[in-house]
Amino acid sequence: MTPVELTGYLDGLLEHGVEASCMIWGAAGIGKSSVVNQVAQKQGLGFIDLRLSQLAPTDLRGLPIPEAGITRWAPPEFLPREGKGILFLDEINMAPPAMQGVAQQLILDRRIGNYTVPKGWFIWAAGNRKEDRASVFDMPAPLANRFIHLEVEADLDDFRRYALGQGFTPHLIAFLAFRQELLHLHNPTEMAWPSPRSWEMANALERAGLSIEPAVGVAAAAEYAAYLEVTENIPDVAAILGGKLTIPFPEEVSLRYATVISLVARCQSSEQAINGLSWLVEGAPPEWVQLYATDLFPLMREKGEMEAIQGHIMQEERLRQFLTDYAQLLAG
């Protein structure tokens, strides 16, 4: 499933109170833990992220304390004791078998030693797969059988919408739309390689005026530099959003991506949205109109501009066909 589909599934588990633990599988850097954290924030829940690969069994079970001839276990302070939330066991299959065995008791019985997980806390976990070249241990069958298993993959549409919402550099978003294979491409010969996580770091580096090579690797950084040279002279986006419709739509594919993504990134109002849409309807093939609408409308919906956009479309005859073709996008 995609990150957006994963988000919807996790929301469903919380909304229906499904206490069964879930295990999220996926390659490194695609945002598994970020999705879980965002779900917790959206639902107003607590969030505790435990990296089991960095803990010893006693860290989770607690320390033994003799008391009146009996050994009692003092549970760690980082485990939840009240409220509601998500106890997230990240990198669970990178933990050695002894640690996984301790975690199994926590997942199966919702208790360990003298500690009991409070009602209202969900226990979720995540890990990488062997095919992702991660240093993982096999998950014991009894532990695996206690999970709902969800597998997530990097998805360009999801990442593009996230990046636009976060204000990423438009050229970087357009480059990934143009070179989709580079969204996530593990290179075992390099320490740095492209992934959604590393592209987010690359965006921060670029905004700071620094090379993105340390984040995404030599090859991806070189391709991005070449892309920037080709797309240096895109059409005047400000003029298009201002209503100048006589500017020709570019022929070069890389320029088309750069132009459409830049229109989306710089659009702030329903009037600008309609100007960009009108320009594309007049001069661009349908797939570029769809790319513009797919990326722009969710952002405009968050700004409360969609009703005004629909009104503009209904008033202009040349855009009414668009309403028919893309009614689903307009409805959201």
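The values are calculated or read from the model by the stated rules, or taken from the named source; none is laboratory data. As the structure is a prediction and not an experimental result, all values here were calculated from the model. All Cβ positions, glycine included, derive from the backbone under ideal geometry; neighbour counts span all protein chains shown. Remember, those area values only see protein heavy atoms, side chains included, never the ligands or the DNA or RNA. Shrake-Rupley method; radii C 1.70, N 1.55, O 1.52, S 1.80 Å.
Have a look at Glu223, Glu200, Glu206 and point out the one that is closer than 22 Å to Gly165 by Cα, in contact with a Leu (Cβ under 8 Å, 6 or more places away or on another chain) and charged (D, E, K, R).
Result: Glu206 is the single residue among Glu223, Glu200, Glu206 that is closer than 22 Å to Gly165 by Cα, in contact with a Leu (Cβ under 8 Å, 6 or more places away or on another chain) and charged (D, E, K, R).
Would you mind telling me which numbered condition in (1) touching a residue at least 60 places away in the same chain (Cβ under 8 Å); (2) open to solvent by 70 Å² or more (accessible area, probe 1.4 Å); (3) under 17 Å from the mean Cα position of the chain (by Cα) Phe178 fails?
So Phe178 meets the others, but not (3).
Hey, which of the helices (runs of 4 or more DSSP H) in segment 245-321, taking only ones fully inside, have at least 3 residues that are open to solvent by less than 20 Å² (accessible area, probe 1.4 Å) and closer than 30 Å to Tyr224 by Cα?
In segment 245-321, the matching helices (runs of 4 or more DSSP H) lie at 253-266, 270-283, 286-302.
For residues in segment 90-108 being in contact with a strand residue (DSSP E or B) (Cβ under 9 Å, 6 or more places away or on another chain) and within 20 Å of Leu63 (Cβ to Cβ), which is most open to solvent (accessible area, probe 1.4 Å)?
Gln105
Run down Glu223, Glu232 and say which single residue is farther than 28 Å from Trp279 by Cβ and either touching a His at 6+ places or on another chain (Cβ under 6 Å) or open to solvent by 30 Å² or more (accessible area, probe 1.4 Å) (or both).
Glu223
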